[in-house]
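The values are calculated or read from the model by the stated rules, or taken from the named source; none is laboratory data. This is a predicted model, so every value here is computed, not measured. Cβ: placed from backbone, ideal geometry, glycine included. Neighbour counts: every protein chain shown.
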Amino acid sequence: MARRSALLTAAPLLFVAIWSTGWIMGKYAAMDGDPLTFLVVRFVAAIAVLVPITVAMRAPYPREPRAILHAMGSGVLIHALYLGGVWWAIAHGVPAGLSAVIAALQPLMTASLAPMLAGEKIGARRAAGFLVGFVGIAIVVSPKLLGLTPEALAQVAVPIGVNVAAMLAVTLGTFYQKRRVTGGHLLAVATLQYVGALVVMAVAAFLLEPMRFDLNWRSAATLAWSVLGLSIGAIWLLLHLIRCGEVSRAAAFIYLVPPAAVTEAWLLFGETLSLVQIAGIGVTVLGVVLADRR
């Protein structure tokens, strides 16, 4: 029991620390390949790693065809449509800061839908936490958004729409995961998710891209972390949070991802980190504390 409690306590912060590196990996991946094609390679590699692990662990897969299809369907929403939509949008001109604001709408959307789709009660304290967290995100990314002109936004209207659709897909995916994917080992479920995501992503990459992927030391390192850290580590933690807690509570920690990514970009790429952004990070943390007392 103590071990389970410690894992539940550490899992949210570990998820944020790992998941936030996805923005960094996306920047590196764009240097060596098309975004959807890189995700195809990433999903293939994740399946190749996960299958022998699940076999060695004797991790039980869902046996009923319906349960298998549900796991694959959640993968389409969480991985193919969400990651594919965000990476495609950024590659086609959506600024990372604006993409972060759109992604930050997910907890608000989750809180709005949780009573209807998951039967969860959203109290005044948690609702206030969601609003405060979103304000903090807006402050964090405000320096990157102030320089955007209406003309620049108009040029990326379609990619922005794709980015919004991706946010809606991952929101619905978390509810779908909570309600429909209730059995099987989490690593086995993740494997089936990537199978479903791979089918959709391979078709999308074939139709929309020349499928360029340059294999070198940088792309290999990016792929390795994307698979081991993001596709396996972070997704296992996310599925764990969804299965063991409320969907809205798990979604609140999404607010911490953009501030963490901004901090990582400051450390790795020398991007600016102003006092205003630091204050925004503090506001965001306050919002998460309000939304999740634990």
Kindly indicate whether any position in region 143-151 is closer than 30 Å to GLY233 by Cβ and under 18 Å from the mean Cα position of the chain (by Cα). no
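Could we say that VAL247 is at pLDDT below 80, within 27 Å of LEU113 (Cβ to Cβ) and aliphatic (A, V, I, L, M) here?
In short, yes.
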Quick check on region 220-237. Is at least one of its residues outside any helix (DSSP H, G or I) and either over 23 Å from GLY26 (Cα atoms) or β-branched (Val, Ile, Thr) (or both)? no
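Is it true that GLY184 is over 20 Å from the mean Cα position of the chain (by Cα), surrounded by 19 or more Cβ atoms within 10 Å (Cβ to Cβ) and either on the phi < 0 side of the Ramachandran plot or not hydrophobic (A, V, I, L, M, F, W, C) (or both)?
yes
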Return the pair list, or none, for Cβ contacts closer than 8 Å from residues in region 112-127 that are part of a loop (DSSP other than H, G, I, E, B) to residues that are among the small types (Gly, Ala, Ser), at least 6 apart or on different chains. ALA118/SER248; GLU120/ALA114; GLU120/SER248; ILE122/ALA111; ILE122/ALA114; ILE122/SER248
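Each row is one residue, and each column tells you yes or no for (1) in contact with a helix residue (DSSP H, G or I) (Cβ under 6 Å, 6 or more places away or on another chain); (2) crowded, with 22+ Cβ neighbours inside 10 Å; (3) not acidic (Asp, Glu).
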{"position": "HIS79", "(1), (2), (3)": "yes, yes, yes"}
{"position": "VAL86", "(1), (2), (3)": "yes, yes, yes"}
{"position": "ALA114", "(1), (2), (3)": "yes, yes, yes"}
{"position": "ILE122", "(1), (2), (3)": "yes, no, yes"}
{"position": "GLY133", "(1), (2), (3)": "yes, yes, yes"}
{"position": "ALA138", "(1), (2), (3)": "no, no, yes"}
{"position": "VAL158", "(1), (2), (3)": "no, no, yes"}
If you go through region 64-88, how many residues are at pLDDT 95 or above and of a type in the set (Asp, Glu)? 0
Just for region 1-52: of the residues that are modelled with pLDDT of 85 or more and among the aromatic types (Phe, Trp, Tyr), which one is surrounded by the most Cβ atoms within 10 Å (Cβ to Cβ)? PHE38
Would you confirm whether or not region 139-155 contains a residue that is small (Gly, Ala, Ser), in contact (Cβ under 8 Å) with a residue 12 or more places away in the chain and part of a helix (DSSP H, G or I)? yes
In region 103-111, is there at least one residue being touching a Lys or Arg at 6+ places or on another chain (Cβ under 8 Å) and in contact (Cβ under 8 Å) with a residue 24 or more places away in the chain? yes
When you go through (1) in contact with a Phe, Trp or Tyr (Cβ under 8 Å, 6 or more places away or on another chain); (2) within 19 Å of VAL170 (Cβ to Cβ) one by one for GLY84, which number turns out not to apply? (1)
